[in-house]
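First comes the structure, then the notes that go with it.
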Amino acid sequence: MWGLQSSYLNSISIFATLMSLTNSLNTITELVLVGFSNHPQAEIPLFFLFSVVYLVNLFGNIALIILVAIDSCLQTPMYFFLCHLAFLNIFYTTTVVPKMLFNLLASKKVISYEFCLAQTYISLLMGAAECIILAIMALDRYVAICDPLRYLLIMNWSMCVQLILGAWTISFFASVVPLYFTILPLCGPYIVDHIFCEVPVLLHMFCADTSLQETMMVIGASGTLLLPFFLIILSYLRILVAVMRMHSTEGRKKAFSTCSSHLTVVTVYYGTGIFMYMRPKSLYSAEGDKLISLFYAVINPALNPLIYSLRNKEVNGALKRVLERWPVSQGK
């Protein structure tokens, strides 16, 4: 088995060297996307596993968006933000997973330079947007539990639209714009030892000193990862105090149930995201980082709709109402 892996890696190195020779004048057309090539015996099983995960992601998130759109009971601020999170999950994984699945079966495991850059920009934008949207959802839960009588007054539709537009705008200017002005040319051999292209991986392929890029990544991550994370913690500390003051046990259970799903998503996403983007380049580990990226780019987006719906009485009730109306509409 080790001989097979060694020969495969040697062939990758030869192929990358040939590409670096043909890509004269610093013009890059393709890069080797290693993925799980170090474990060729696992590629077929992984193809079927990730195909199922991707289909679950698409079905779960699309179904959630449709359900919110057709059921008036779910047309509240919380589910408005959840729909944006679902759209983000679909767009993010669609940028990553289809190419990864194709390369699991392909003999020539490459990615075009343009698509590699697109993955880098999109993954950075979507990661920043998800952090901010999760913070907005925590703020929404804080207002709903700590100030329920004024909830609809504070979280009106105008405020919701402003918050979500602000989230996408801030994410763009805090991630895409700095990367555009600081990205450097890549040096050969053009081997991306990862499952897709993202900033921490490309830092190892830049030709010049990357101190500025590392500093910018930490600053950007502080604004789009740590700041929203602290806002989430602050919101839930206030929520915890408010819940502990409740005299009704039923009220406490209801309050905790509305927050448990969000806290689960936050824990999984932030745990992996902070480790990936808030550490120095010297702590990079190719195999470990592939597993970490799988969690926040592939697995977590598929789990989100399940986490938010399985134990959610409102979503289950809406689904039941839609299914009850379906035979009636079919009969007409």
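The values are calculated or read from the model by the stated rules, or taken from the named source; none is laboratory data. Quick caveat: nothing in here was measured; it's all calculated off a predicted structure. Cβ: placed from backbone, ideal geometry, glycine included. Neighbour counts: every protein chain shown. Keep in mind that these areas ignore ligands, DNA and RNA; they rest on the heavy atoms of the full protein, side chains included. Shrake-Rupley method; radii C 1.70, N 1.55, O 1.52, S 1.80 Å.
Considering only segment 25-72, state which residues are in contact with a Lys or Arg (Cβ under 8 Å, 6 or more places away or on another chain) and either under 30 Å from E314 (Cβ atoms) or surrounded by fewer than 16 Cβ atoms within 10 Å (Cβ to Cβ) (or both).
The answer is D71, and nothing else.
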Query raised in the report: Has segment 278-286 got at least one residue that is at pLDDT below 75, crowded, with 19+ Cβ neighbours inside 10 Å and more than 25 Å from H39 (Cα to Cα)?
Result: no
Report task. Would you check which residues across segment 8-36 are at pLDDT below 85 and either in contact with a helix residue (DSSP H, G or I) (Cβ under 9 Å, 6 or more places away or on another chain) or outside any helix (DSSP H, G or I) (or both) and list them? Result -> Y8, N23, T27, I28, T29
Report summary line: Reported set for segment 137-154 where residues are open to solvent by less than 50 Å² (accessible area, probe 1.4 Å) and either assigned to a loop (DSSP other than H, G, I, E, B) or out of contact with any helix residue (DSSP H, G or I) (no Cβ under 8 Å at 6 or more places or on another chain) (or both) is D147
Requested in this report: Run down I183, I164 and say which single residue is at pLDDT 85 or above, surrounded by 15 or more Cβ atoms within 10 Å (Cβ to Cβ) and of a type in the set (V, I, T).
Outcome: I164
Query raised in the report: Which is at pLDDT 80 or above, out of contact with any Pro (no Cβ under 9 Å at 6 or more places or on another chain) and open to solvent by 30 Å² or more (accessible area, probe 1.4 Å), of L203, L234?
Result: L234
Query raised in the report: How about segment 69-91: which of its residues are among the hydroxyl-bearing types (S, T, Y) and either assigned to a helix (DSSP H, G or I) or touching a residue at least 40 places away in the same chain (Cβ under 8 Å) (or both)?
Result: S72, Y79
Requested in this report: Give the residues of segment 184-201 that are over 18 Å from the mean Cα position of the chain (by Cα) and touching a residue at least 60 places away in the same chain (Cβ under 8 Å), sorted by residue number.
Outcome: P185, L186, G188, P189, Y190, I191, V192, D193
**Report entry** Where a residue in segment 225-250 is closer than 16 Å to H262 by Cβ and its partner, wherever it lies, is open to solvent by 100 Å² or more (accessible area, probe 1.4 Å) and not in a helix (DSSP H, G or I), with Cβ under 8 Å and at least six apart
**Finding:** none
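Somewhere in segment 92-115, is a residue under 17 Å from T224 (Cβ atoms) and either part of a helix (DSSP H, G or I) or at pLDDT below 90 (or both)?
So far as segment 92-115 goes, yes, one or more of its residues are under 17 Å from T224 (Cβ atoms) and either part of a helix (DSSP H, G or I) or at pLDDT below 90 (or both).
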Requested in this report: With respect to F275, determine if the residue is among the aromatic types (F, W, Y), in a helix (DSSP H, G or I), modelled with pLDDT of 75 or more and open to solvent by 70 Å² or more (accessible area, probe 1.4 Å).
Outcome: no
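Residues of segment 155-186 being under 18 Å from M126 (Cβ atoms) and of a type in the set (F, W, Y), which ones?
Residues satisfying the conditions are W168, F172, F173, Y180.
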